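The values are calculated or read from the model by the stated rules, or taken from the named source; none is laboratory data. Everything numeric here is computed off the predicted structure, so don't read it as measured data. No Cβ is skipped: glycine too gets one built from the backbone with ideal geometry, and neighbour counts run over all protein chains shown. Areas reflect the complete protein model, heavy atoms only, side chains present, ligands, DNA and RNA absent. Shrake-Rupley method; radii C 1.70, N 1.55, O 1.52, S 1.80 Å.
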Amino acid sequence: MGKGVVFTLIFFLLGLTLLGLTLLILNLNQSTDNRALEFALANRVQDLSDSVSNGLKTLFLQYSDIFVYVNNNQIGFQETLTSNNTGNYVSGFNGFKYFIESKEPYVKIDNSSVGDLKLYLSPVNMNYYFDVNTSKIIINNFTNVSNITISVYKSNINIGGIIWRSVSNGSVSFTVLFKNDTSSLQQTKNIDLKQVLDLSLDSDGSGFGTADIDLNKQSNGVFEVKIFNGTSALYSTTLSFNNTSGLKVYLDRFVNVSIPEFNISKTSRPRIV
Amino acid sequence: MHKRQQKSHYGNKAIIFTLDMFVAITVFIIILTVCIFYISQMSQDRLSELQLVSLGSDTIAVMDYSGVLQSLDVSQIISTRDQLIPSAYNMRILVKLGNLSADTGNLPPAGIFLGSGKRYFVSGLNYGEADYWIWVKV
């Protein structure tokens, strides 16, 4: 009798053990399913973010009339101001935003002040853009720069002179180049970037009256290139940085993709270069 | 009389023992069946399915970056697809750009796992989308 009871008990315990292990495996599988779902959604968010960012980058490269390049510790910008293509860029950007957001409710694209074509420079944390209201190219947080070259080209502009109104000696090489189809004028000074810098590119050479281009840097770290009289020209700016690598240029507009139900979100700027 | 009682006592014990064993084995088989049922309900290997979707996503991304999607050229899309995905897989791509579209046309078979996704792109001032479905060839 006792043997029978023991036999039954052993079988019963074996069965319970087997059931317990099965439930454990099932639970693990359910957990794997949940992780796989989250992984798949994270991949989807990444894909969306990448495709939208690439679309915005394509629009920028085609319609911004800004050429940007990065070479080791140097960033260069070349743009025609004022550009006739900005309207196409703005309408393209906004149209793409509405196209995406109408199909993907999880995607939000920031289109505030799109027309200024604001760029973000990483890791130096600078912005480069053209303020339409004030007709100025603006570079803010203008620090940690070892070399600056600014050139202005217009085929038929008179080249009068370069007038340095306020400049302090320092260690940063600053080159200004003023040129047309037949001649050019270049000056280089070693300046102190922490001090005020103020100079003009003057087409009539008188040094008086309204300058055509006004370069100004205040001590607050903002550098401005003021364009007067609707002067349309090609502006090239090259910045070299101290001890900086991995320079990247982004369009300073955020693309946000988020699925709040699963707490998955990605916010990023489209990378240009 | 005493012998008959002994015989009866041992016979009863044997019956009870047999019944007891029968019940124990029955209970064990029931539990085993339940376990097998639960295990059979477990899903397929998710990681390989995710890998399939990633393959499709990467393929479409390469086509976007190289301008193949924007071309709306079905033969070019098929050719690029065949270069990028292993021969064990098949993929259908449907591209829409404005009012135009391009479709590789191959429909996936029924009853197998199908990975799918979508990518958006720009061509000039037109906006497009590319849907893909990818599966393991049977």
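Among the candidates A:Gln30, A:Gln74, which residue alone is within 21 Å of A:Asn263 (Cβ to Cβ) and either open to solvent by 70 Å² or more (accessible area, probe 1.4 Å) or more than 7 Å from every other protein chain (Cβ to nearest Cβ) (or both)?
On the way: A:Gln74 fails: within 21 Å of A:Asn263 (Cβ to Cβ).
Exactly one residue qualifies, and that residue is A:Gln30.
Listed residues B:Val27, B:Val122; which is surrounded by fewer than 19 Cβ atoms within 10 Å (Cβ to Cβ), hydrophobic (A, V, I, L, M, F, W, C) and either in a helix (DSSP H, G or I) or on the phi < 0 side of the Ramachandran plot (or both)?
The match here is B:Val27.
Within the set of pairs 6+ apart or on separate chains, which have a first residue in the range A:1-14 that is at the interface with another protein chain (Cβ under 7 Å from one of its Cβ atoms), a second that is of a type in the set (Phe, Trp, Tyr), and C-beta atoms under 6 Å apart?
Going by the 6 Å Cβ cut-off, the qualifying pairs are A:Gly4/B:Phe17; A:Phe11/B:Phe28.
Could you figure out which of (1) part of a helix (DSSP H, G or I); (2) over 25 Å from A:Ser49 (Cβ atoms); (3) at pLDDT below 90 isn't true of B:Ser43?
(1)
I'm told A:Gly92 meets every condition in (1) within 14 Å of chain B (Cβ to nearest Cβ); (2) in contact (Cβ under 8 Å) with a residue 40 or more places away in the chain; (3) crowded, with 19+ Cβ neighbours inside 10 Å except one. Can you identify the failing condition by its number?
A:Gly92 satisfies every listed condition except (2).
Does the range A:173-186 include one or more residues that are over 17 Å from the mean Cα position of the chain (by Cα), open to solvent by less than 50 Å² (accessible area, probe 1.4 Å), among the β-branched types (Val, Ile, Thr) and closer than 23 Å to A:Arg269 by Cβ?
So far as the range A:173-186 goes, no, none of its residues is over 17 Å from the mean Cα position of the chain (by Cα), open to solvent by less than 50 Å² (accessible area, probe 1.4 Å), among the β-branched types (Val, Ile, Thr) and closer than 23 Å to A:Arg269 by Cβ.
Which count do you get for residues in the range A:51-71 that are in a helix (DSSP H, G or I) and either in contact with a Leu (Cβ under 6 Å, 6 or more places away or on another chain) or open to solvent by less than 50 Å² (accessible area, probe 1.4 Å) (or both)?
Number of matching residues: 10.
Among the numbered criteria (1) under 27 Å from A:Phe39 (Cα atoms); (2) without any contact (Cβ under 8 Å) to a residue 12 or more places away in the chain; (3) surrounded by 15 or more Cβ atoms within 10 Å (Cβ to Cβ), which one does B:Gln51 miss?
Answer for B:Gln51: the failing condition is (3).
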